[in-house]
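The structure appears below as structure tokens.
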Amino acid sequence: MARKYFGTDGIRGLTNKAPMTAQMAMKVGMAAGAHFVRGDHKHRVVIGKDTRLSGYMIENALVAGFTSVGMDVTLFGPLPTPAIGMLTKSMRADLGVMISASHNPYADNGIKLFGPDGYKLSDADELAIEALIDGDVAPAAAPDIGRARRVEDARGRYIHFAKATFPDDLTLDGLKVVVDCANGAAYQVAPTTLWELGADVIAIGVNPNGKNINDQVGSTAPQTLCETVVSSGAQIGIALDGDADRLIVVDENGRVIDGDQLMAVIATGWARTGNLANGGLVATVMSNLGLERHLAAQGIKLMRTAVGDRYVLDAMRGQGYNVGGEQSGHIILSDYATTGDGLVAALQILAELVRSGLPASELLHRFDPLPQLLKNVRFKGGKPLDDASVKAVIADAEGELEGKGRLVIRPSGTEPVIRVMAEGEDAGQVEAVVDRICDAVRVAAG
């Protein structure tokens, strides 16, 4: 059954436009609270947020919803998304909430829900909550209304957790690190963690004003980080996104390193120390073929999933892997976290850097990516990929790339767009293949 409000990562949209309104946030609080009120113990929900101006509005509306159905609320303020997953479980809460639209502009916001195990909700739970949103939720009796309180040391708890993932026998003494926090949720915890581990920290994107989250800073806009690393003579740069579940790294020359290279570094390092579970890692269909070939040469398996960190995590949990992620920088290390954690992944990269004694440019360049091209074709309606002429062009392209590359064609899950990606050893051939398919889709779509 298709979900009405929940997308691939919670409920998200433009603030004060459906579904991201205060009224909807209160309904979500009531519905999610009612769904997770099980048994006769006093129920608790924990709530964190990033630095968006609308976070205040959404937070207060959620508190009203949760307390109205009898849940006690614990408020953490700005914290990374993975911190909410961790604290939900460690505080024995029945539910966790992160208010964030991740790498989106400040005008957007979102609501991500975590179950008592610290993992994001299943499709079944989301469908059950949607049914309650559209139905009638009975409020608690007056004596049973919940209370709300704010915990001031939540940042310290997450910093302690993050530091514990860094090897005990290593420090960051003498390492100059630039960290870009995207004016987002990690603007306090990430610089502090690195400093406490001994790094010489240069922090940018740490002055949130409610409207500058992800604005020319962070993992989706690394130019400022690149320039700062080079001008400061830093050995490495780290960029997080607005809710700090994504990581991009910049080497000492100002070159951007994507998630594929970072996963290769972590997986090979963990394989060397015997910590890589099931002898492989999980990535999506968008990860470069160069990664797959590099891992195979190291005797490491690569399992591919559909696009989306939830599918990566499902495969990791189902197949017993402990490393997975996306080219975009969502890296999940399930020994430590229940979702992508940009800071924890960065600490693993820094550990490899310290151990190796190599410059970042050498350590982090594990393979030459094959030429890869992605283009989007917007359409008004229908199913262009079902058209016989489009199928024929795709079949010809697959035959042309067989043994030399691959093709990934998929409709977007959030907008009327067909995404066409090809990669191969010949950049000209890749471009020609993508253009032919895009042209065929445009014709079929009218």
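Summary of values
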read-out: In segment 383-415, the residues that are open to solvent by less than 60 Å² (accessible area, probe 1.4 Å) and over 18 Å from ARG436 (Cβ atoms); value: SER412
read-out: All helices (runs of 4 or more DSSP H) inside segment 76-171 with 3 or more residues being touching an Asp or Glu at 6+ places or on another chain (Cβ under 7 Å) and crowded, with 16+ Cβ neighbours inside 10 Å; value: 81-90
read-out: Matching option when the condition is out of contact with any Leu (no Cβ under 7 Å at 6 or more places or on another chain) and assigned to a helix (DSSP H, G or I), among VAL443, VAL377; value: VAL443
read-out: Contacts under 7 angstrom Cβ, first residue in segment 398-413 being under 19 Å from THR284 (Cβ atoms), partner of a type in the set (S, T, N, Q), 6 or more apart; value: GLY413/THR8
read-out: Candidates VAL312, VAL307, filtered to the one that is touching an Asp or Glu at 6+ places or on another chain (Cβ under 9 Å), in a helix (DSSP H, G or I) and under 27 Å from ARG406 (Cα atoms); value: VAL312
read-out: Residue in segment 291-301 that is open to solvent by less than 50 Å² (accessible area, probe 1.4 Å), over 26 Å from ASP251 (Cα atoms) and either at pLDDT 95 or above or touching a helix residue (DSSP H, G or I) at 6+ places or on another chain (Cβ under 7 Å) (or both) present; value: no
read-out: GLY205 more than 26 Å from ASP335 (Cα to Cα) and of a type in the set (Gly, Ala, Ser); value: yes
read-out: Given (1) in a loop (DSSP other than H, G, I, E, B); (2) open to solvent by 60 Å² or more (accessible area, probe 1.4 Å); (3) touching a residue at least 24 places away in the same chain (Cβ under 8 Å), index of the condition GLY184 fails; value: (2)
read-out: Qualifying residue in segment 19-41 (condition: open to solvent by 40 Å² or more (accessible area, probe 1.4 Å) and either assigned to a strand (DSSP E or B) or of a type in the set (Phe, Trp, Tyr) (or both)); value: no
read-out: Whichever residue in segment 194-237 is in contact (Cβ under 8 Å) with a residue 60 or more places away in the chain and of a type in the set (D, E, K, R) and, among such residues, is surrounded by the most Cβ atoms within 10 Å (Cβ to Cβ); value: ASP215
read-out: Scan of segment 64-75 for residues that are outside any loop (DSSP other than H, G, I, E, B) and buried (at least 24 other Cβ atoms within 10 Å of the Cβ), ordered by number; value: GLY65, PHE66, VAL73
read-out: Condition met for GLY382 (at pLDDT below 95, among the small types (Gly, Ala, Ser), more than 14 Å from LEU289 (Cβ to Cβ) and touching a Ser or Thr at 6+ places or on another chain (Cβ under 8 Å)); value: no
read-out: Boolean, ALA107 is of a type in the set (A, V, I, L, M, F, W, C), under 13 Å from ASP243 (Cβ atoms) and touching a residue at least 24 places away in the same chain (Cβ under 8 Å); value: no
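The values are calculated or read from the model by the stated rules, or taken from the named source; none is laboratory data. In this text, all values refer to a predicted model and were calculated from it rather than measured experimentally. Positions of Cβ are backbone-derived with ideal geometry, glycine not excepted, and every protein chain shown enters the neighbour counts. Accessible surface is based on the protein model in full, side chains and every heavy atom, while ligands, DNA and RNA are left aside. Shrake-Rupley method; radii C 1.70, N 1.55, O 1.52, S 1.80 Å.
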